[in-house]
Amino acid sequence: MTEKKLKKLLQSMSLTEKINQMLQVSGEFLTEETVLTGPMKQKGFTEENIGLAGSVIGVHGAQKVREIQSAYLTKHPHRIPLLFMMDVINGYRTIFPIPLGQGATFDPELSCKCAAVAAKEAAVSGIHVTFAPMVDLVRDARWGRVMESTGEDPYLNSLFAEANVKGLQGETLSDEYQIAACIKHFAAYGAPTAGRDYNTVELSEHTLRQFYLPAYEAGISAGAGLVMTAFNTINGIPASGNQWLMKNVLRDEMKFEGVLISDWGAIEEMVAHGYCENREEAALRAMNAGVDIDMMTGVYSENLSELVVEGRVNEEEIDQAAYRILQLKNRLGLFEKPFKDASVEKEKEIILCEENRLLARNAAAKSFVLLKNEKLLPIRKTDKIAFIGPYVNTRDLSGSWSFTGDSADVKTIEEVVKERFGSSAVCLPGSRMLDKGINLQGFQDFTNESSTREQEQDMLEKAVEEAGKADLVIMALGEHYLQSGEATSRGELEIPEVQLNLFKRICEVNKNVAVVLFSGRPLDLRRIAIKANAVLQVWFPGTEGAEAIIDVLTGAVNPSGKLPISFPYSVGQVPIHYNEYLTGRPFDEESLQERFRSKYIDVPNEPLFPFGYGLSYTTFRISNITLSKSELKAGEKLSASVEIENTGMITGTEVLQLYIRDVVASVVRPIKELKCIRKVTLQPKQKIEVNFVIDETMLRFYTAQGKWESEPGLFKLYIGNSSKSSTCKELMLVP
Ligand code: BGC
């Protein structure tokens, strides 16, 4: 539809119709004859506006979507199509590694392909918008939603934000198989105090702009159709009613012109925050901040008409919000094709097809990070191997945001082992997944592992016996998949005690133990890493997880993942991140014996495994960093080259990482900041030179004057294979 027609359409709409566009409800309201129950009435919904809400959350499946859309269009006075939105996070039905795992690939292009497949499967099932990618920066492993992020680094997060928006949206939203992306949660939802979900966020404007905002901006610049508000307050003001954040920063500075949707019930929650007296005031504040859609409460539909009549909200603002929603529908081509790609035939052809599964297997294998390996991996087929641990025989490998996936599509490790090693291979759980009494409120149904004390003892002893007879033991351990995700903050970061006990017993009878570790967050791995001879971090790897794990354990795929987030030594270190500032009393080599230094007296300052770290089955030598010149001016480019050699016996992939440190500036600068990554694959003994291009724009930061600028002076440039690399060259930025 042309802009002109769209504007005309808006003009012909009544105030109520426009406000209805700003309401989002869940599917059950539209599938059944709507009879509102008490609590729903209290939320401000009315039967009339629910039936004509502009968008719906959580309905999927081509047939159902087509039926709902047809019925809706016949009811709607202007035949404006309904928007179908849903959380498609790490895949629709073919499930890819969780976003944190995708971050560990250090391969945004691969993540873009995964997003494109997720979009395709979702599109044929009738979805128009996904609430993804979540690009919140996270430094605190206690926060459960770390699994949905790509980690702690603004640069890496920005690459993934852009790649995911491109993968989901393609060139043009109305094209076949594209869906709209929604950048979330604006802003800084990943920094709740003490890592507790939904908790207060207190950040200086400098920290917010320097570290947290870049990834949102990258997603917005890539053209994301929507942005979602965050549940949290930022420096005292809830994000969903924060005019400065939404108007000044998001709309004016970032030039975001798309639809701003609240998080689930977040407008109403401003009352609970103690920021608004009642729902009417919440509606007013959210309107003033420019929030276009009220997700899952009737706060807007209950109050906006009144507020307009009273002159407290200008109808023009309603028009703008409704128009943005109409524009999104138009960008998706819904006025011409209200069912877009929803097709029962296509669902059969596309969903979970071989090609999609192969991509999932490849992505999973590339997301694994080899944290430790004392010559134990890869395994040899001739070895007598016992596979032990509660992750050996579960299909729950996809993480907690994969509710459109089906665990029936997932093979267990045991099944893959038996296919590849023969039916006599030993596979035993050895223990429960969770300690008894673990509190996963709301999830009891899923986590009910009923077993008696005797059964548990029996399970343990059997595993210990088999482990004693094996040449080597592969232990599949980790967090329960419902221990990370929304509302799963943790105060302890270890795997369940029952599994640690199993691990300890196995280590007593076998000296060759490799651990395959499942988790949605960095865990405190001290007890595991000290004793195990090898540790492979596999996150929640998705539909093809078990195949990918065996691919990597057998060496069919050489691991190449890198940590997108620091793994703390202990929970007391968090929040921890590699790009921290120097203090006035740094604790370093020269000051090891000094008392008054910035350090802990009981644990090291360093994380157990740093950002950017990850091993391979081969080894690499990185040497000879050379700069094409040692001075740089704005507008000029400089090349930094480095040699890398595969010094081992097998082909392998390494991620070269370029970090920069601004030595002195108008505000203190991080010890190091990631500026560039390059993934290279080398044959045994192959040596190549890799070039990075540096220019002045890469040296810019949020200065004391509140501007993104560079400041002349000395910079250090590091190239290596983790954030710990210390070989550097110096470079002067000259005015
Ligand atoms: C989450 C969002 C999600 C929304 C809709 C909220 O609880 O914070 O990330 O998109 O629910 O499911």
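The values are calculated or read from the model by the stated rules, or taken from the named source; none is laboratory data. The structure presented is a predicted model; accordingly, all values stated were derived computationally and were not measured. Using ideal geometry, Cβ is built from the backbone for each residue, glycine included, and neighbour counts are taken over all protein chains shown.
Figures for the structure shown
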item: Residue satisfying all of: in the stretch 40-70; of a type in the set (Ser, Thr, Tyr) and more than 16 Å from the ligand (Cβ to nearest atom); modelled with the lowest pLDDT among these; result: Thr46
item: Single residue of the stretch 676-703 satisfying the filter (of a type in the set (D, E, K, R) and in a loop (DSSP other than H, G, I, E, B)) that is nearest to Gly635 (Cα to Cα); result: Arg700
item: Scan of the stretch 83-104 for residues that are in contact with a Pro (Cβ under 8 Å, 6 or more places away or on another chain), outside any helix (DSSP H, G or I) and away from the ligand (no atom under 16 Å from the Cβ), ordered by number; result: Pro97
item: The listed residue being surrounded by fewer than 20 Cβ atoms within 10 Å (Cβ to Cβ) and not hydroxyl-bearing (Ser, Thr, Tyr), out of Arg420, Arg432; result: Arg420
item: The stretch 120-164, subset among the aromatic types (Phe, Trp, Tyr) and either surrounded by fewer than 24 Cβ atoms within 10 Å (Cβ to Cβ) or within 19 Å of Phe96 (Cβ to Cβ) (or both), residue farthest from the ligand (Cβ to nearest atom); result: Tyr155
item: Top-ranked residue in the stretch 296-315 [being in a loop (DSSP other than H, G, I, E, B) and charged (D, E, K, R); ranked as farthest from the ligand (Cβ to nearest atom)]; result: Glu310
item: Which listed residue, of Ile318, Ile293, is in contact (Cβ under 8 Å) with a residue 60 or more places away in the chain and away from the ligand (no atom under 16 Å from the Cβ); result: Ile318
item: Verdict on Thr74 being away from the ligand (no atom under 13 Å from the Cβ) and free of Cβ contacts under 8 Å to residues at least 24 places away in the same chain; result: yes
item: Every residue from the stretch 230-257 that is surrounded by fewer than 22 Cβ atoms within 10 Å (Cβ to Cβ) and either within 15 Å of the ligand (Cβ to nearest atom) or within 22 Å of the chain's Cα centre (by Cα) (or both); result: Met254
item: Filtered residue count, the stretch 180-204, keeping only those that are of a type in the set (D, E, K, R) and within 26 Å of Leu168 (Cβ to Cβ); result: 2
item: Pair list, Cβ under 7 Å, 6 or more apart: the stretch 83-94 residue over 19 Å from Met147 (Cβ atoms), other residue assigned to a loop (DSSP other than H, G, I, E, B) and within 13 Å of the ligand (Cβ to nearest atom); result: Phe84/Val59; Phe84/Ile127; Met85/Phe131; Arg93/Thr404
item: Failed condition for Ile530, given (1) touching a residue at least 24 places away in the same chain (Cβ under 8 Å); (2) away from the ligand (no atom under 16 Å from the Cβ); (3) in a helix (DSSP H, G or I); (4) among the hydrophobic types (A, V, I, L, M, F, W, C); result: (1)
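Matching residues to (1) in a strand (DSSP E or B); (2) loosely packed, with under 15 Cβ neighbours inside 10 Å:
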residue: Phe611; (1), (2): no, no
residue: Ile625; (1), (2): yes, no
residue: Ile644; (1), (2): yes, no
residue: Gly648; (1), (2): no, no
residue: Gln657; (1), (2): yes, no
residue: Val664; (1), (2): no, yes
residue: Leu674; (1), (2): yes, no
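Matching residues to (1) within 15 Å of the ligand (Cβ to nearest atom); (2) out of contact with any strand residue (DSSP E or B) (no Cβ under 7 Å at 6 or more places or on another chain); (3) over 25 Å from Ile57 (Cβ atoms):
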| residue | (1), (2), (3) |
| --- | --- |
| Lys166 | no, yes, no |
| Tyr177 | no, yes, no |
| Tyr198 | yes, yes, no |
| Ser204 | no, yes, yes |
| Arg209 | no, no, yes |
| Tyr216 | yes, no, no |
| Gly219 | yes, no, no |
| Val227 | yes, no, no |
